[in-house]
Every structure is written in C-alpha cells, then in structure tokens.
Amino acid sequence: MADTLADLAAQLRIDSIRCTTAAGSGHPSSSMSAADIMAVLFQKYLRFDFQQPKAPNNDRFVLSKGHACPVLYSAFKAAGAIDDRELLTLRKFGSRLEGHPNPHVLPLVDVATGSLGQGLAVGVGMALCARLDGLPFRTYVLMGDSETAEGSVWEAFDKAGHYGLDNLCAIIDVNRLGQSRETELGWNLEAYAARVRAFGWNAVTLDGHDLGAIDRAFAEAQAKKGQPTCLICKTEKGHGSSLIANQDGWHGKPLPEDKAKDAIRELGGERNIRIQMKKPEAVKPPVQDKAAPLQLPTYEVGQKEATRKAYGDALLALGNARPEVVALDAEVSNSTYSNEFQKAHPKRYFEMFIAEQNMVSSAVGMTVLGKKAFVSTFAAFLSRAYDQVRMAAISNATVHLCGSHAGVSIGEDGPSQMALEDLAMMRAVGGSTVVYPSDPNQTAKLLAQLADRQGITYLRSTREKTPVLYPATEDFPIGGSKVVRQSGNDVATVVGAGITLHEALKAYELLKKQGVAVRVIDLYSVKPVDAKTLRQAARETQGRLVVVEDHWAEGGLADAVLEAFTGEREQLPTVVRLAVTKMPGSGKPAELLDAAGIDAGHIVEAVTSLVEETARGGDGRGKPSENAWGHTNA
C-alpha cells in the first residue's frame, strides 16, 4: 500500500505540473506540497460516491486553498471522475476546471474557494449539518498556511471547538512560502498547534511528506471524540522537483515545457493509477420534524409593530412549516427576533456569536447540503462579511440574509450601528434579491417568498414600530411595488420604502391640505425593481419623481429607480433624490430623519420646489431647462 500511495502522490504532482504547463498559468508548487496528503486522504479515508456527489452520507471535502485546485482535479482524474483530456483543459475558456474550484460549472465541488480564509467556516456548517441530521459523514478541509493569517479562520476554529465538532478535520499545509515571501510562522508547527489547541482542538503535528505519519494522523482524527482535529503538516512547496522545491519565486508560476519534462522524469514519469474510492454506507433519509402548512403571522391594520419583529414571527412560522429551515444569528437574536425561532426549534438554531464572517460561510456549508439557512444580525455588521456573501454567490449557494437596525432611524446608537450602505452592497451581489418592507404583513409575505428564491436574498428590517398599512390578505410579489396613494391629478410621484414610506405618507397628507396631489409608491422590491409601475408613474405625474431613502445617496433606492429607466426611449423623468448625505450622530429617530433631510417636511419641500421649478421650465434645482425630463437631482 505504501508503494501505491507513493506512486499516487507522484502522479498527483506530475498531473498538477502537466495541466498547469498546458494552461500556461496556475499553481503547481502549491499543489505539489499537498500531494501526499491528498493521496492518503482520497485512497484511504474519504468516502465519496462520484456517481452521486450530493448523496447525503458522502464525506465532504473543501479545498480552502483553492489556488491548489490542480491537485484536486488530478485526484478527480485518479478517481475516474474526469479524464485526462479534461484535466488538460484547466483554466481554458469554457472548461469546467476553472482557476479556482467553482460549483457553478463543476458539481463535484460543493463551494467556490479562492478568497482565502473561508473554507474552514464552510466546513463548520457542514459538520453542524451532519450532527443535526444524525449522519455519520465527516468533513475534511485542506487549508494553506498563508490563509491562517485571516481572522475568519480563527472564528471558524473557535466555533468548531465551541460545538465540539469531532466530525470535522482541518489540515494545514505548512509549506512555509507565501506568494511574496515566507509566511508569518514559517515552519513553526508548535506555534500553529498552540493556537489550534487554544480553541479546543486536538492538534497533530507531522511531516506532510511521510505517508505513514499522514495515515496515522488521519486515523487519530477519525477516532477522536469530543474535539475536532487539525493536522499540521510540514511540507515543501514544489516538493518532488529539485528545481522548485522550497524555492521562493515560484508561486503561481507553471513550469516551462522543457522544465516540466525534467520534473516529470525526476518524479519517475507519467502514471495512470486509479484510486479505489471507498463509498459511504447506504443510510436512510434523516428523520426530520414533520412538515406542516405554513401559517404566517398576521397584524391588524392600524396597530404598530416593527418589521424586525415581523421577521422573527415569520421565521418562526417558516420553521414550524418546513423542517429544512435553519437559523443563524450573531448574538443579537433578541433584537432581530430570531430568538423566537430559537425557542421553538433549538436544534435548528445556531448561535454564531459576534463572528459574522464565520456565520455567513457556515450558512453556506449548510445550504449546499440542503438546508434553507436564514442569517440575521444588525445590517451594519453584514458589511464585515461582504466577501463571504460575494463568495456565497460564486458558490451558487442560496442564503437568506436579514439586516435589522438600518439607517438613521435607529436613533440614539449613532452611526457605527446605522447601516447606510447595505442596499448598495446587496444590490451589487450577482443574482441577488433585495427587499425592504415597510409593514409587518408585507414582511411576512416577502419572507415566505424569499424562502424559495434562489441565490443571495436580503431583507432590510426596521427597528422602530410603524403602523400596519396593509391587510394580511394583500399580496406582495417580488419584483412588484404598491401604489398606496394616487389620483388623476397627481403632479409628482414620491417613492419610498421601509421607514421613508411612512414619511412619504405623512408628506402626502400635508400636501393634500395644500391642495397638491401626489402619487406615493412603496418600492418594497429594490432588486428586482418594478420598472413598469415607475415608468407609468413618471408618464402620469408630469415626469416628476422624488425618491426618499434612509441610506447614503449612492447605490440605494434612488439608483434602483433610475435603473428602471435604462433603455427608455421616451423622455426621462426629473428625479429628486433625498438621502443621507452627511455623517449622522445620535438623537431621536425623528430628529435624525429631519437632520438628514428625509422626513415628511423635507419631502413636502422637495415636491413643492420640483413642481414650481419644472412648471417654470426649470429642472427642479432652480435652473432653467428646455427639457425638464432629462435630469437627475442628486
């Protein structure tokens, strides 16, 4: 067996060289350092059915050091999952074998990796899933030593230790050399071990090129109970080639064709070994809570309730109806109201404490294994996990995010707690859905739809209690909006969402007393946006739009409105944008809305000014214009 493993490791190195040389780019040296680890893991320990890559009891493998994918693809070839011809398409246009693993095109991998420091947190989510469902599969995460400088790695180590995930095994490939220099700890294996043990892990230090030591370490990890295990493997970058082994300056560089031939000869020449992969035992589907009809919470028109509370109530209802729903929170569940779910379904609730990056990536690990993951925290704090959100989209994952306490309307806590960039942030995620409800019944209906929406979804909730506007029988299709006030005499349209819709309705009443009729649109679906309704409103209200938002002026509601007119061949409307433009401070919500210029009084002023100026042939900013429709007022 030792000879077979040695030959397999050599084959993985050779194929890593071959495919990167053929591509003219890639990371052979980072792949070669991990070849012995991969040979032992795939030949002896990983239980995986390549004919059914999503089988519930397959072991899971996450290549956190995604740039080393040549060794992973080489292992897939050795297992018969891909052929040599496909291996040599690495990094070529149209190939499934992209420069970093991507499940969009290659279903043999669960998640996209490449933004370093996220794989272990994904593994935490997978291991938590196994425990939740009572399945015996194990999760293995291969990490690079460079990525351990990322704080998100230690968030994941901490949470795995906290939950005692003995079904999780991390492997650190300590090859000493980073992209531009030696790593922070070099080959100081004991320093890694001390850090890992501090988070409650079993740590094993070993020679990462000693096949027997690797075998014994994996066996120890498998037998360890009550603790996750981390194998800390001393390796050489480029091991097996005297030209590049342990040599700086070879990161991300393929061997030229002549040097590749020399290295392949040095490694004993090409081989065609086939791994006899162990398959997992057949298991019965996990016993889950029974599904039930969905009974969303309802609220009476006129009562007051915060949409953040409605989120918690609706999440509980989804949890009652659908056993695949899980909830994660960052230790603010009594503010986001996900604690209602926790009380009813404690096994399906996962407290991630103040570790938002780990929380999002762990949710990804759960959702790729079939869970519907709902993630909540203060909207401002999702910004620190934005890379994890971005990578979740690249992973083709569906994660449902809720950000509460958004905008200046949260009041006294001040700007560090006020999400003012979250709509822009979430709108920019590929394939995302962004909603901003203004009403509890609307919140519940939207959350129920988001549960079946693919990709990244984001619901922005409000801290303050606001009046219930809509009966529980009302529908709110994603991509739609609600025209809540209108007449045949409307001289302008006011567009709001969330807290600013309520200010728009106050402004409507004030303007009505002045004899000024305006249309009011609740733009609860920020992405996709209801272009049809907005265009109709512009035509019917003399091309005058006032958009008011509790958000920075860049990238939020007004930009979504403007995008609705992209490609319009008719004249464009004049759009007045009322948004937060100066750094807010502490104060009462009403004071802060007034100071930001986004309350009812400022809406009245904006409408009055816009109507007067455009009636005189201006553009709404006090400047004459021949065409009042072609201007955007920032």
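The values are calculated or read from the model by the stated rules, or taken from the named source; none is laboratory data. Since the model is a prediction, treat every value here as computed from it, not as a measurement. Glycine also receives a Cβ, built like all others from the backbone with ideal geometry; neighbour counts cover every protein chain displayed.
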I'm checking my understanding of the structure. Among residues of the range 96-134 that are hydrophobic (A, V, I, L, M, F, W, C) and outside any helix (DSSP H, G or I), which one is farthest from GLN357 (Cα to Cα)? LEU97
Among residues of the range 452-497 being farther than 23 Å from GLY431 by Cα and polar (S, T, N, Q), the residue surrounded by the fewest Cβ atoms within 10 Å (Cβ to Cβ) is THR473
Restricting to strands (runs of 3 or more DSSP E) lying wholly in the range 339-429: which have 3 or more residues that are in the same structural domain as ALA327 (by TED's automatic domain parsing) and hydrophobic (A, V, I, L, M, F, W, C)? 372-378, 399-404
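Which residue is surrounded by the most Cβ atoms within 10 Å (Cβ to Cβ), if the candidates are limited to the range 560-603 and must be part of a helix (DSSP H, G or I) and over 33 Å from the mean Cα position of the chain (by Cα)?
Our first condition is that a residue be part of a helix (DSSP H, G or I); within the range 560-603, this holds for 560-563, 589-596, 600-603.
Now narrow it down to the ones that are over 33 Å from the mean Cα position of the chain (by Cα): 590-591, 594-595, 600-603.
Working: ALA590: 14, GLU591: 16, ASP594: 17, ALA595: 16, ALA600: 22, GLY601: 15, HIS602: 19, ILE603: 28.
The selected residue is ILE603.
Would you point out which residue out of GLU554, GLU549 is assigned to a strand (DSSP E or B) and modelled with pLDDT of 95 or more?
When all the criteria are applied, what remains is GLU549.
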Helices (runs of 4 or more DSSP H) lying entirely in the range 1-81 (those with 1 or more residues that are in contact with a Pro (Cβ under 8 Å, 6 or more places away or on another chain) and not small (Gly, Ala, Ser)): 2-23, 28-33, 69-78
All but one of (1) surrounded by fewer than 24 Cβ atoms within 10 Å (Cβ to Cβ); (2) in contact (Cβ under 8 Å) with a residue 24 or more places away in the chain; (3) not basic (Lys, Arg) hold for PRO101; which doesn't? (1)
Subset of the range 500-530 (residues that are among the β-branched types (Val, Ile, Thr) and assigned to a strand (DSSP E or B)): VAL520, ILE521, VAL526
Testing LEU168 on (1) under 19 Å from MET359 (Cα atoms); (2) in contact with a Leu (Cβ under 7 Å, 6 or more places away or on another chain), one condition comes back false. Which one is that? (2)
What's the number of the condition GLY269 fails, among (1) farther than 30 Å from LYS465 by Cβ; (2) surrounded by 21 or more Cβ atoms within 10 Å (Cβ to Cβ)? (2)
Here the residues within the range 199-233 that are part of a strand (DSSP E or B), under 32 Å from the mean Cα position of the chain (by Cα) and either surrounded by fewer than 19 Cβ atoms within 10 Å (Cβ to Cβ) or not small (Gly, Ala, Ser) (or both) are ASN202, VAL204, THR229, CYS230, LEU231, ILE232, CYS233
Looking only at the range 177-196, and only at residues there that are surrounded by 14 or more Cβ atoms within 10 Å (Cβ to Cβ) and in contact with a helix residue (DSSP H, G or I) (Cβ under 9 Å, 6 or more places away or on another chain), the one that is nearest to LEU5 (Cα to Cα): LEU177
